[in-house]
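The values are calculated or read from the model by the stated rules, or taken from the named source; none is laboratory data. Treat the numbers as computed from the prediction; the structure is a model and nothing was measured. All Cβ positions, glycine included, derive from the backbone under ideal geometry; neighbour counts span all protein chains shown.
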């Protein structure tokens, strides 16, 4: 037997492989199908009327029938993993995520990323890479784009540090930045079919909503979800990849679960149009029972029939009826302590609701 | 932080919220897709030729390709849960379920229910609500309808009792009540392709069929099935919802599993056209191995090529080769004792077979 | 209660039920849908660009969008189980599997088998049955065919032995035997989109590729996969079917998992066109972590833009970075000893790659 050849497998990029302005075309375009919609509905308790019903979607101007926005996000994001974050120490954050148009079965998504910032860490062994990633459909139209920054190992600690470039990123997108999907019109919105009577004016900034319901995770389900998005990070699939023998649940699985749970109280927050940022505060594993609560952070009128709510979506392990995010830490003041135990996710996004 | 706001979440209806004649339009219309067909085939060992093969379905007059009838039932039923049975003590029964037309990918189902009966319990704390639910497609055509009665808590024990109204429900639908799907014609039925040679005349009233095969349940599978139908009852998903930490398997999951297992011996019972009633005799959990047997309860000629079999479908935990339903209880006589241990489901339905 | 009737269930064929030249039309034609593509992607970490992207597939001449070849194989194979191998002691091998044309959503597959050989075992209690199985689509066109031989019990040990007939089977198909899917042209192949730069000339006979990644099996996933192919062998689904209470994983699940893992290093081995043979060396169970490695066994130029690689695909329980198949056994010489512990699968196939 000849020697093992590993050179054909992808080893991912290291910090010194990135340069500001570099554009990376990510592999494996992926066509969305009705099968994705069905699997999404089997994996998450989603009941939002637009992705659930072609007839409802058509009644608000969306025909053909779009899929849930997070399907597009997960697919687009998964493509970047082999090139951007295979050697990541940590995903540090994301910002300025915008959905530019609806995705329908038959659409093929591809993603490219541009390096927009670099900063070597003072230890010289790693650095932070900032990228803006853009997913397009088969017509070359932009479907979504977002910024993300990750801490990546250096292959060679002796490699010289690049010039530090730090991109300016918005803490939150402005209402004027939001893109309303082409054709959307909530003027003949059917609140009964959608499941709740609450419209834009019924939500107040500062309002907190405990979404009540909980779901216990299983390994089979989170692996199926993560594979569906062609995300290949080993820790999600391989019990031999972590010392504790657990499969780490993909953070996007927690996002989709929390978003689906938020139907109960936010049934009319039909479409996600932007994600301002998010923190995966703690890891989640099979056997954990996840609950969610939301806070209304901001509001904006978009058109005669459409409003936007800026929402904080918090996923917790075990239900937290207090809907508080942080410990009361006297040294920092109320609301500015560290995250409470049990918080899994702190997500900040904009959704469209009927007025 | 302001106080928790729970008012936006659905608390469900209580006994005193229902009045006879009241009509409830249930939320979240749902479009059926080819993804549902595939998932149904991944979750249940179904091999009935009509839903399996578009070519076979077309050869018996069903084109475009319909999905399994139980897909329509589960979706239609799931819609009623948030309004009818969220505060149910128990599902007491159902009756007079009829399928009126085939469901195809692209059809959007919505369900409404009319309250047809009410009877407060003598304890004054709960009552029985009778509803007739009707699922329609995007053209407003009736797809299926059925009656169901559930015992529901009162919110306020002091609320006055309504006038008792008890609907008249048939113990079983008559052959003349059955609706043959438009276009169905078994005159050129391919028994080889369907998998078994047995036709209408080969089945005798009183005949018992042990379906032989067994399947062991998993949590991931029953949760995916139940979510697919947008059934949100907490006990199916949340290990914290029951004192024993088990997730209760949705009764419809047991129905679909037993129906799929019944292929072995009833391969030509292609289409379910009615369900006369059913009892979920005992709860099922992950790790249980379910088997099924059937009894031919009645027979009827429907057309030159089509016959109907009225079948009892029994699901058991562990195989019961004796195919007996009840204990021999001397006080009530043979066949009228309580259900034997291990019986999970006792379902009574009509299916169409080739003559 | 009358007596149990088991006569309507399928008991399968025994050795003496087979005669050389006999043709068996297998039951349950099955229509492939986009749901199958999605489920395949949820169950296996496949990222091959042709089945992933309709746009990529069209760019290499395959429009409409074909599904993964192994979907067709699993469906076609599953149909033969109730007639050929329900009473099998062992699946002994297969050979000469060729894919003749692409399968697209909407295609309906049916399988028939011809008995091409018989040999009773010397113990008189069982025998080997050789069949050539052919799967066709709804137009009667051949989609794939293959030979398989299984050891089957006799119902009656006293039944006379048939004349021994042993078919001549090729150890491996020749390049000239391979069928290139109609329309396939790799001349404008996009290596960036496909994920790796390696083309035909970059692979050398004898080269070994460790595919690095591993996946831990779950019961829910392998059962869903196996059901999807309508394969009904009890041992895959029923914890009561084996003394150890484990559900045996369908060998085809291991094949698909290993093939998907082989993307990392063989991303351009886009299409399987033939399987020369394979051994399911050891059983696999939930909790096992499977890895894969490949060996280039042969190469052939097919057209100006297309080459073929003959590949050995080995799945192992636990990673084997040595990529060696057999123990060093001095009595037989290096490379000819028995399989090493941990080897699950040894598959020999032809794939098409861009030149």
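Given the residues C:309, C:248, C:297, C:261, which is the only one that is crowded, with 24+ Cβ neighbours inside 10 Å and not assigned by TED's automatic domain parsing to the domain that holds residue C:89? When all the criteria are applied, what remains is C:261.
Okay, residues lined up against (1) at pLDDT 95 or above; (2) more than 22 Å from residue A:133 (Cα to Cα); (3) in contact with a strand residue (DSSP E or B) (Cβ under 6 Å, 6 or more places away or on another chain); (4) surrounded by fewer than 22 Cβ atoms within 10 Å (Cβ to Cβ):
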| site | (1), (2), (3), (4) |
| --- | --- |
| A:35 | yes, yes, no, no |
| A:61 | yes, yes, no, yes |
| A:75 | yes, no, yes, no |
| A:78 | yes, no, no, no |
| A:82 | no, no, no, no |
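Being at positive phi, surrounded by fewer than 21 Cβ atoms within 10 Å (Cβ to Cβ) and more than 17 Å from the chain's Cα centre (by Cα) is a condition met by at least one residue of region B:198-214.
Going by the conditions given, is residue B:98 away from every other protein chain (no Cβ under 14 Å), under 20 Å from residue B:181 (Cβ atoms) and assigned to a strand (DSSP E or B)?
So residue B:98 passes the test.
Might you check whether a residue that is touching a strand residue (DSSP E or B) at 6+ places or on another chain (Cβ under 9 Å) and farther than 29 Å from residue C:60 by Cα occurs anywhere in region C:298-314? No, every residue in region C:298-314 fails to be touching a strand residue (DSSP E or B) at 6+ places or on another chain (Cβ under 9 Å) and farther than 29 Å from residue C:60 by Cα. On the given criteria, is residue A:227 away from chain B (no Cβ under 13 Å) and surrounded by 24 or more Cβ atoms within 10 Å (Cβ to Cβ)? Here the answer is yes, as residue A:227 does meet what is asked. For region B:32-64, the set of residues classified as part of a loop (DSSP other than H, G, I, E, B), facing chain C (nearest Cβ under 9 Å) and more than 27 Å from residue C:9 (Cα to Cα) consists of B:33 only.
Scan region A:52-76 residue by residue and report those that are touching a helix residue (DSSP H, G or I) at 6+ places or on another chain (Cβ under 7 Å) and in contact (Cβ under 8 Å) with a residue 12 or more places away in the chain.
Residues of region A:52-76 that are touching a helix residue (DSSP H, G or I) at 6+ places or on another chain (Cβ under 7 Å), as a first pass: A:56-57, A:60, A:62-63, A:65-68, A:70-71, A:74.
Selection gives A:56, A:60, A:62, A:63, A:65, A:66, A:67, A:68, A:70, A:71, A:74.
Considering (1) crowded, with 23+ Cβ neighbours inside 10 Å; (2) more than 28 Å from residue C:216 (Cα to Cα), the lone condition that residue C:42 does not fulfil carries the number (2). Among the residues here, residue A:350 does not qualify as within 12 Å of chain B (Cβ to nearest Cβ) and either within 25 Å of residue A:143 (Cα to Cα) or not in a loop (DSSP other than H, G, I, E, B) (or both). Modelled with pLDDT of 95 or more and more than 30 Å from residue B:213 (Cβ to Cβ): does that describe residue C:182? Yes: the conditions hold for residue C:182. One residue stands out among those in region B:16-30 that are surrounded by fewer than 24 Cβ atoms within 10 Å (Cβ to Cβ) and not in a loop (DSSP other than H, G, I, E, B): the one that is farthest from the other protein chains (Cβ to nearest Cβ), which is B:16.
The listed residues are C:267, C:274, and the only one of them that is touching a residue at least 40 places away in the same chain (Cβ under 8 Å) and away from every other protein chain (no Cβ under 12 Å) turns out to be C:274. Looking at C:166, C:184, just one residue is surrounded by 18 or more Cβ atoms within 10 Å (Cβ to Cβ), away from chain A (no Cβ under 14 Å) and over 17 Å from the mean Cα position of the chain (by Cα), and that residue is C:184.
Among the residues making up region B:194-238, those that are farther than 28 Å from residue C:27 by Cα, in a loop (DSSP other than H, G, I, E, B) and free of Cβ contacts under 8 Å to residues at least 60 places away in the same chain are B:237, B:238. Scanning region C:138-156 for residues being touching a helix residue (DSSP H, G or I) at 6+ places or on another chain (Cβ under 9 Å), within 30 Å of residue C:66 (Cβ to Cβ) and in a loop (DSSP other than H, G, I, E, B) gives a total of 1. Screening residue A:126 with (1) surrounded by 14 or more Cβ atoms within 10 Å (Cβ to Cβ); (2) without any contact (Cβ under 8 Å) to a residue 24 or more places away in the chain gives one miss only, at (2). Screening B:135, B:90, B:110, B:159 for residues that are surrounded by fewer than 16 Cβ atoms within 10 Å (Cβ to Cβ) and either in the same structural domain as residue B:352 (by TED's automatic domain parsing) or not in a loop (DSSP other than H, G, I, E, B) (or both) leaves exactly one candidate, B:90.
Listed residues A:256, A:303; which is farther than 19 Å from residue A:45 by Cβ and more than 10 Å from chain B (Cβ to nearest Cβ)? Step through it out loud before you land on a result.
Working: A:256 fails: farther than 19 Å from residue A:45 by Cβ.
Unique residue meeting the criteria: A:303.
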